[in-house]
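Throughout, read-outs are computed from the coordinates displayed, never taken from laboratory work. Predicted model, so just to flag it, every value in this text is computed and none were measured. Reconstructed Cβ throughout: ideal geometry from the backbone, glycine too, with neighbour counts over all protein chains shown.
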Amino acid sequence: MKPKIFEGNVVFSKKGRDKGYPFVVLYSVDDDFVLIADGKRRKVENPKRKRRKHLSATPHAAPEILSLYAMNRLKDSDLRKALAPFYASEAAPAGPAGSSSQLKREDQQGEMRTEQN
């Protein structure tokens, strides 16, 4: 049985251009739609209306987010802090193969120097 999607729940998008990103469910519009936000792509002032079937529920909840939203005091930074553990698992984007990138390294004397790869 799939976990239910409820207000305050942390969910991942399964469809659309935001696929794979975590969000918090702010409001249940009806049996089919919810409003979600993450504080980065979707701000609190302009939450995304998304079908429940296009979301993957997690067992994690953010009740403090829901209480702030109910009091109309929720900030985007609160959402970003609540979702930070879910972004930690994302790897840093890799550059295209064969491109030169600059790396900053500390040499033996403790000075920073820039290298070309």
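A few notes on this one:
- Extended-chain gain in nm, criterion 0.36 nm per residue less alpha-carbon gap, ALA84 and MET71: 2.4 nm
- Unsatisfied cross-links (Cα-Cα over 23 Å) in the set LYS4/LYS40; LYS14/LYS40; LYS50/LYS75; LYS14/LYS43; LYS15/LYS75: LYS4/LYS40; LYS15/LYS75
- Based on the convex hull around the alpha carbon atoms, region 9-90 presents an average projected area of 5.0 nm².
- Label-reachable residues, region 1-20, where backbone N falls under 13 Å from a point 7 Å from ARG51's Cα toward its Cβ: 14-16
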